[in-house]
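What follows is one structure encoded as structure tokens, with my remarks underneath.
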Protein chains: 2
Amino acid sequence: MPESPILAVDLGGTKIATALVSTSGQILEQLLTPTLADEGPEAAVGRMIAAIKTTLSESQVSSPAFSTIALASAGIIDVPKGIVTASPSFPGWCDVPIREIVERETGLACFLINDATAAVAAEHRLGAGKGLKNLLYVTVSTGIGGGIIVDGQIYSGSLGCAGEIGHMTIDPDGPPCNCGSFGCLETLASGRAVAREAQKRIARGARSLVLEFVEGEPHNITAKAVAEAAKAGDALALEIISQAATYLGIGMANLVNIFNPEMIVIGGGLSKMGDMLFNPVRRTVADRAFRLPAQSVRIVPSQLGDEVGLLGAAVSLMMSKGL
Amino acid sequence: MPESPILAVDLGGTKIATALVSTSGQILEQLLTPTLADEGPEAAVGRMIAAIKTTLSESQVSSPAFSTIALASAGIIDVPKGIVTASPSFPGWCDVPIREIVERETGLACFLINDATAAVAAEHRLGAGKGLKNLLYVTVSTGIGGGIIVDGQIYSGSLGCAGEIGHMTIDPDGPPCNCGSFGCLETLASGRAVAREAQKRIARGARSLVLEFVEGEPHNITAKAVAEAAKAGDALALEIISQAATYLGIGMANLVNIFNPEMIVIGGGLSKMGDMLFNPVRRTVADRAFRLPAQSVRIVPSQLGDEVGLLGAAVSLMMSKGL
């Protein structure tokens, strides 16, 4: 393995992170750029290319080390074709040939992978799941994504888009989902779901401290505001989070029965709620999954935080080369 | 690989099949014995041991060929411990050390695997999924089970009990399940679910041809009787099967989003309904799963029928030896 760092990119719905990452998982230099996905793929990908070029030009490392850019992107990715087919994070994007654009604009090869799939690789190599054989990573943030490690290797399915556990139907008559289906786990347990439920209940007249955290503006309510109100003891906020966490637990129980994994790592913004989220999740898994896989699985928070996508891009590239 | 056949056993909720299976997948001699699981594990396992001994003694093959018995069993199996921990197919059984019993009583080694996991290996080696890398097998009969092939290898999780896709929660407030949870796929789309729904609707006064297939006795209604009535054009039967198939499709859409598999093979009694089952399943997957994995997956009937468990036991044993 070269000692030179890897150029890693994490393309998300709100920000683009570019960084040099050492092979041991140190983030050496990082640049954050807004995605502004609403402006369309050309503008957003253009910003990403500019950020890559800035990171390359500012680095002290000689260029041959960057023969491949490691790009972790949100969305349903067709890896053989190098295309972001669609994503709730990128409204309106359709079949964007992102690998070809990056390769043409930079002159370097591009290794493309879904961001949550990249994240499970990072947790496996550097984080909570070090050395485990069968491991799932679930990111619970605005939406819900997932990544799968099987027998110590990344599993991304026949075209690279496996792991969409946020789009398990949990309630067939549940709320409409951005993916086009109904009652997906994401519609019941994501940050968006928590915020929507609080807005709905408050619009119907429920009393809550939540409004104090958003200057009295119901349309500014976020999952973070609900979590803060819950920490302050607000009954409505506590109930909404407990309900979302129970739905998340139902999703995790499904995964425990399907994968019999050694560990499920939960990351993303909502995982920062700690016990308020993890206790109902663990209790629901114990109640709903079979005894054997439920007793043997550990359900733990991510150890890598917001940098899991960048680290995952770099680690996935290394794993793809057998390193 | 020895040319001698493998002694394979399929231990199910209603019958025990023992057979000699050639390494190319020919079933040479087969013996069927009732399980009578209600009589408890000692009696049932005793019948299985007797069947194994009969099959061994009647065979023309010299004994050294049978250094390992391949046993596929229903239930949640702790493979490292060789124990059937529990199973809806074996009411009341708890932590039965089946591998130890077989090895003690026969003097031979015993390779133990879940029956649906064994089945996916058979479909991969000999059936519908020949040569594919990422493949799921779903058995829809009295209950619903599943098996997983990942990168051409059997995936059975950290303790051997992965693949329990019948126990995905599809509706959190759905009917109680034998597994202790609620609204599992099995409670909505299995043979038991179809029969229960028909009984319930007829008890409430619905008119149906179903009763003609069970000599007018509502408590004798089976999924098979409902299927026969549906084939005869009975509106109630058609509606019940369409509803169960739609739920099955929701489960398959979940698996398509999670695994991005090349193929899902559906076996078990209900798969014999053909288009009546497969059309709503395929339509629901197209409606609910992401476009990319939904367009690339093939959902097909099992090619191996009732012998899939026996063949799977033999194939799994061979795969475990790298053959």
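The values are calculated or read from the model by the stated rules, or taken from the named source; none is laboratory data. None of the values given here were measured: they were computed from a predicted structure. Backbone-built Cβ (ideal geometry, glycine too); neighbour counts: all protein chains shown.
Numbers for the structure displayed
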read-out	value
Filter pass, B:Ser156 being away from chain A (no Cβ under 14 Å), closer than 30 Å to B:Gly82 by Cα and not basic (Lys, Arg)	no
Number of positions in the range B:65-84 that are touching a residue at least 60 places away in the same chain (Cβ under 8 Å) and not in a loop (DSSP other than H, G, I, E, B)	11
Lone unmet requirement of (1) within 29 Å of A:Glu186 (Cβ to Cβ); (2) within 20 Å of the chain's Cα centre (by Cα); (3) buried (at least 24 other Cβ atoms within 10 Å of the Cβ) for B:Gly267	(1)
Complete set of residues in the range A:1-21 that are over 15 Å from A:Ile52 (Cβ atoms), within 22 Å of the chain's Cα centre (by Cα) and of a type in the set (Ser, Thr, Tyr)	A:Thr14
Of all residues in the range B:289-308 being of a type in the set (D, E, K, R) and within 14 Å of chain A (Cβ to nearest Cβ), the one that is farthest from A:Cys184 (Cα to Cα)	B:Arg298
Members of the range B:183-204 found to be among the small types (Gly, Ala, Ser) and crowded, with 22+ Cβ neighbours inside 10 Å, listed by number	B:Gly183, B:Ala189, B:Ser190, B:Gly191, B:Ala193, B:Ala195, B:Ala198
Meets criteria (within 19 Å of the chain's Cα centre (by Cα), closer than 30 Å to B:Asp173 by Cβ and either within 13 Å of another protein chain (Cβ to nearest Cβ) or surrounded by fewer than 24 Cβ atoms within 10 Å (Cβ to Cβ) (or both)) for A:Gly146	yes
Matching residues in the range B:128-143 - criterion: being among the hydrophobic types (A, V, I, L, M, F, W, C), away from every other protein chain (no Cβ under 11 Å) and either closer than 22 Å to A:Gly251 by Cβ or in a loop (DSSP other than H, G, I, E, B) (or both)	B:Ala128, B:Val138
Residue within the range B:97-104 that is within 16 Å of the chain's Cα centre (by Cα) and either surrounded by fewer than 24 Cβ atoms within 10 Å (Cβ to Cβ) or assigned by TED's automatic domain parsing to the domain that holds B:Ile266 (or both) present	no
A:Glu186 among the acidic types (Asp, Glu) and either more than 7 Å from chain B (Cβ to nearest Cβ) or in contact with a Leu (Cβ under 8 Å, 6 or more places away or on another chain) (or both)	yes
Residue tally, condition modelled with pLDDT under 95 and surrounded by 19 or more Cβ atoms within 10 Å (Cβ to Cβ), over the range B:59-72	1
Residues that are more than 8 Å from chain A (Cβ to nearest Cβ) and buried (at least 23 other Cβ atoms within 10 Å of the Cβ), drawn from the range B:231-248	B:Ala237, B:Ile240, B:Ile241, B:Ala244, B:Ala245, B:Leu248
Among the residues listed as A:Arg104, A:Arg125, the single one being within 29 Å of A:Ala50 (Cα to Cα), basic (Lys, Arg) and more than 11 Å from every other protein chain (Cβ to nearest Cβ)	A:Arg104
Leading residue by the ranking (modelled with the lowest pLDDT) among those in the range A:126-143 that are within 22 Å of B:Leu159 (Cα to Cα) and over 13 Å from the mean Cα position of the chain (by Cα)	A:Gly131
Residue under evaluation B:Ile258, criteria (1) out of contact with any His (no Cβ under 6 Å at 6 or more places or on another chain); (2) in contact (Cβ under 8 Å) with a residue 12 or more places away in the chain; (3) at the interface with chain A (Cβ under 7 Å from one of its Cβ atoms), criterion not met	(2)
Single residue of A:Gly251, A:Gly163 found to be outside any helix (DSSP H, G or I), at the interface with chain B (Cβ under 9 Å from one of its Cβ atoms) and under 16 Å from A:Gly146 (Cβ atoms)	A:Gly163
Residue among B:Gly92, B:Gly129, B:Gly75, B:Gly82 that is surrounded by 21 or more Cβ atoms within 10 Å (Cβ to Cβ) and on the phi > 0 side of the Ramachandran plot	B:Gly75
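For every residue, the table says whether it meets (1) crowded, with 22+ Cβ neighbours inside 10 Å; (2) more than 21 Å from the chain's Cα centre (by Cα).
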{"residue": "A:Ala223", "(1), (2)": "yes, no"}
{"residue": "A:Glu228", "(1), (2)": "no, yes"}
{"residue": "A:Leu277", "(1), (2)": "yes, no"}
{"residue": "A:Gln295", "(1), (2)": "no, yes"}
{"residue": "A:Gln303", "(1), (2)": "no, no"}
{"residue": "A:Ala314", "(1), (2)": "yes, no"}
